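*Asks:* First the structure, which I've put down as C-alpha cells, then a few questions once you've had a look.
The values are calculated or read from the model by the stated rules, or taken from the named source; none is laboratory data. As the structure is a computational prediction, the values presented were derived from the model and not from experiment. For neighbour counting, all protein chains shown are included, and Cβ atoms are generated from backbone atoms with ideal geometry for every residue, glycine included. The protein model used for the area step is the full one, side chains on, heavy atoms only, and it has no ligands, DNA or RNA in it. Shrake-Rupley method; radii C 1.70, N 1.55, O 1.52, S 1.80 Å.
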Amino acid sequence: MATAATNTSLDSSHSNSHRFEAYNRLQAAAVAFGEKLPIPEIVVLGGQSDGKSSLLEAFLGFRFNVREVEMGTRRPLILQMVHDINALQPRCSFQEENSEEYGSPVVLASAIADIIKSRTEALLKKTKTSVSPKPIVMRAEYAHCPNLTVIDTPGFVLKAKKGEPENTPKEILSMVKSLASPPHRILLFLQQSSVEWCSSLWLDSIREIDPTLRRTVIVVSKFDNRLREFSDRWEVDRYLSASGYLGDSTRPFFVALPKDRGDISNDEFRRQISLVDSEVLHHLREVVEGGFDEEKFISHIGFACLRDYLESELQKKYKEAAPATLALLEQRCSDVTAEVARLDSKIQATSDVAHLRKLAMLYTASISNQVGALMDGAADPSPELWGKTTAEEQSQSGIGAWPGVITDINPPNATLRLYGGAAFERVIHEFRCAAYSIECPQVSREKVANILLAHAGRGGGRGIAEAAAEIARAAAKSWLAPLLDTACDRLAFVLGSLFDLALERYLSHESEYGSKAGDMDGYVGFHAAIRCAYNRFIKDLSKQCKQLVRHQLDSVTSPYSQVFYVNDFQPSYGINAPSNKKFSQASASSFFLEFSDTSSASYDVTRDQENIPPQKNTRDTTPGKDAEGRDTLFENHLTIPETPSLDQPGDPVYGGSRKELRIRNDMGPRKRLSRMTENGKNSDHNKVQNGGLLFGNGDRTGSAYSEICFSAAQHFVRLREVLVERGVTSTLNSGFLTPCRDRLLVALGIDLFALNDEKFMDIFVAPGAIDVLQTEQEDLQKRQKILQSCLDEFKTLTREL
C-alpha cells in the first residue's frame, strides 16, 4: 500500500512538473511575440520597503543582491522558478529581448542584478520614459526552489526619486494596475506588520483591482517586528483574524525573513529562513500567555506555509486553465497559419504581374461603382459621420463665401450633413441663390458718358440702347464669372470627397466584382496612385466645366446674342416697367425640398426674394397684354406726343397712334420689338441732336443717365436669368455627374494600367519591399512553429489529465 501511494505521489509530481514546464514555455512565447494568453501567474504587489525583494530571494533559495539595484522598480520582472533536483547550484538565464530564446546561463549570482539594471536603463533610454511595462524574463533552475512563476512589479511610491519626472508615482500605479487587472492572475499583496489595516496606503488601490479580494493573497511581512506587542492570546487571535478590515473570507499570511544581509552561503540563507519560522512559532506558543488558536492560524504563519500554498494554488490554476488554454492555442495557431498563407500569397502575387493587374482592375472597378452609387443617392456610410454641412464644405474646401455676395446665402438643408448627389444638388441651388442675390452695380456718370458719347459719335441714333446693353454685358461678365468658377470648385470638392466614402463602402461590403477587401491590403503605393488618379480626374472635370460655363457666359453676353429678342422679354420704361425683383419672385421650394429645422410653419421661404431664383414656368406679362395694361398704354399713346421733349427728365415712351399700335401687335413680338427699337433710334437720335445726352450741369443731365442705368439693370437681370436657368445648371450637371458615371473607370484605367509591366510593378513594389515581406514571413513562421509546439505539448498534457 505504501509503495502504491508513493507511486501515485510521484506520478502526480511528474504531471505537475510537465504542466509547469509547458506553461513556462508558453509564457516565454507570449512575452516574445506579444501574445495575449490567459496564463495563470502570480503578480507581487506592494509599496517600496514592504519586503518584496526579500520574499523573492526566499522563493529562489539564494541571494543575488537584488535590493542594491531596487530590482523591478522601473520594469516588471517575470521569475520562472523551476524545481530541478539535479541543479545543486542555481542556473539562471535571461530571455533575449524580442525573442523566445534564452541567453547563456549566468554563472555568478551577483551578475544577475547587474543584468537587470543594465536592461532596464537601456530600454528606458530608448523609449525616453521613466517606467516601462515590458517585462524582463529570468528563468531560474534550482534544486531548492519551487515550481513557481512570479511577476515582480515596481513598488508603489508616494514621491518620485530625485531626477525622475513628478508623475512617476502615477505611472507606476497605472502600470501595476494594468498588470494586475487580467482575471487569470493571482495577486500577492505585501504590507508591513507595523502598518495598521485602517491606515494602509495601498489596500484601497488593491480593492480597485480586486474589489472582493477573491484572487488576492495578502502577506503581512516583517511579522517578527510585531510579536513583542502581543502578551495575551486574545490580542494575537484578534490581530491574526483581521476580519474587521479584510472580511471573514480573507486569510492573510504572516511571514518573517532573516535580516542578516551579510555574505553567507545559500545553504546558510535557507537555514536562517527555516530558523526564523521556528522562532516566530516558538514566541507565539511560549512567550504569549495562552498561545494562539493554532488550529485556525497555524497554516498561515511562516514562509514555508506561504510557499507551499502558492505552489499548490498555481498548479490548481494551471489544471483549471488547461482546457481554455488549449482551445485558445488552437485558435491562435489557426490565425497565425492563415497569416502565413496570406503573406505567402502576397509574396507570390508581388512577382505575378498578371495577377496584380487583375486584382487592381477589380478593385478600381469596385471603387468606381461605389462612387456612382454615392452620386445616385446613398445613406451608407452614415451621413451623420461622413456628411458635411454647407458651412463645413466652405471651411474644409478652403473656398469660403461666394465672391461679390454681401448677403448671407442660406439655401434649404444647409445645416444637414449631406454627401454625394445630395450635396451636389445643394451646391447647385446655393449657386442659384448666390447669383440671384447680385444686382447690376451702380455705374458712374463718367463711364456712361464714355460709352454713350462713343456710340453717338458713330451715328445711327442707338446710343442709349447700346450703352445700356454694353453696361449690362460688362457687369454680367465681371460679377457672374467669379460665381461660376466658385461653383465649379465647390462641386469638385464635393465629388473629390467621394473617394474616401467609396473606400469605406468597399471595405464594409464585398464588391460586385468578387474582390475581397483584403486583396489589396498593404499595397500603399497602389492606394496612393488610385487616389491621385481620381483627384486628377476631378480636377480635369472642374477645369473643363469652367471653360464650358465661361463659354456660355461669353455667348450670352455677346453683342450678337439674341437674349433681348426672345418672346418672353419686352423691356419697357415708366410705370409699366417691371422691377428687378419681378424676375426672382418664385419660391425655391418648387424645385429644392427643405428638410432642415427651418422648414417649420414660421419659416418664410420668400423672406429674401433676391436670394431665391424664379420658377422655371414663371413668365412676366408683357406690358399691354392684360386689360389694365392695354388701357394704360392706350391712354399714354393718346396723350404723349410722338417726339418727346428733350428737356423732360421723365422716362420715354414709345410713340405711335392707336391704330399703329394695334398693327404692331398683330405683327408678332419680334417684329414689334424691331419697330419699337427703330422708333427708339429716332428718339435717341433726336436727343443727340438736341443736346439731351450732355453730362454737364443743368436740369437735363439726369434724364439720359437714369434711363441708361435703369435699362442696364433690366438687361442684367435678363442676362442673369438666361445664364442661370437655361445654361449653367444643366452644364454643371452634364459636365460633372455624367463623366463621373460614364468615364471615371476608363480614366482611372488609363492612368493606372496603360503602363508597361516594369512601371506598373513600381506602383506595388518599392525598393526593399520584398525583403521586408520575407522578414515578416520568417517571423510569422517562427511564431507558428513555437505556438504549434506549445499546442502539441498541451494536447499531451490534457491526455495525461
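*Asks:* Top to bottom by accessible area (1.4 Å), largest first, where do 142, 309 land?
*Replies:* In descending accessible area the options line up as 309, 142.
*Asks:* Using the heavy atoms of the protein chains alone and a 1.4 angstrom probe, what is the accessible area of segment 112-253 per residue in square angstrom?
*Replies:* Using a 1.4 Å probe on heavy atoms only, each residue of segment 112-253 averages 49 Å².
*Asks:* Under 12 Å from the Cβ of residue 716, count the other residues' Cβ atoms, weight Lys and Arg +1, Asp and Glu -1, and hand me the total.
*Replies:* +1
*Asks:* Please say if segment 219-328 is rounded, prolate or oblate, where rounded means a/c under 1.5 for a ≥ b ≥ c the square roots of the C-alpha gyration tensor eigenvalues, and otherwise the choice is prolate for a/b larger than b/c and oblate otherwise?
*Replies:* Since a/c reaches 1.5 but b/c is at least a/b, the shape of segment 219-328 is classed as oblate.
*Asks:* Summing Lys, Arg as +1 and Asp, Glu as -1, what charge do residues with Cβ under 14 Å from the Cβ of residue 174 carry, residue 174 excluded?
*Replies:* +1
*Asks:* While we're here: Take the alpha carbon atoms of segment 367-383, find their center, do the same for segment 208-277, and report the distance between the two centers in whole angstrom.
*Replies:* Rounded to whole Å, the Cα centres lie 69 Å apart.
*Asks:* In Å², what does the accessible area per residue of segment 339-410 work out to with a 1.4 Å probe? Walk me through the intermediate numbers first.
*Replies:* Values: 3490 Å² over 72 residues.
Using a 1.4 Å probe on heavy atoms only, each residue of segment 339-410 averages 48 Å².
*Asks:* For segment 276-366, max minus min Cα coordinate along each principal axis, in Å, sorted largest first?
*Replies:* On the principal axes, segment 276-366 reaches 92, 23, 21 Å in Cα extent.
*Asks:* Give, in nm to one decimal, the length gained when the segment between residue 233 and residue 118 is fully stretched (0.36 nm per residue of separation minus the Cα-Cα distance).
*Replies:* Full extension of this stretch gives 36.4 nm more.
*Asks:* From largest accessible area down, sort 346, 546; use a 1.4 Å probe on the protein chains.
*Replies:* Greatest to least solvent exposure: 546, 346.
*Asks:* Also, I was wondering about something else. Quantify, in whole percent, the carbon and sulfur part of the accessible surface of segment 224-275 (1.4 Å probe; protein heavy atoms only). Working shown, then result.
*Replies:* Working: 1340 of 2950 Å².
Ligands and nucleic acids excluded, carbon and sulfur reach 46 percent.
*Asks:* Now for a separate question. Grab every C-alpha pair in segment 102-142, bin the distances at 5 angstrom width from 0 up to the longest one, and report whole percents.
*Replies:* With a bin width of 5 Å, the distribution comes to 5, 18, 29, 22, 14, 9, 2, 0.
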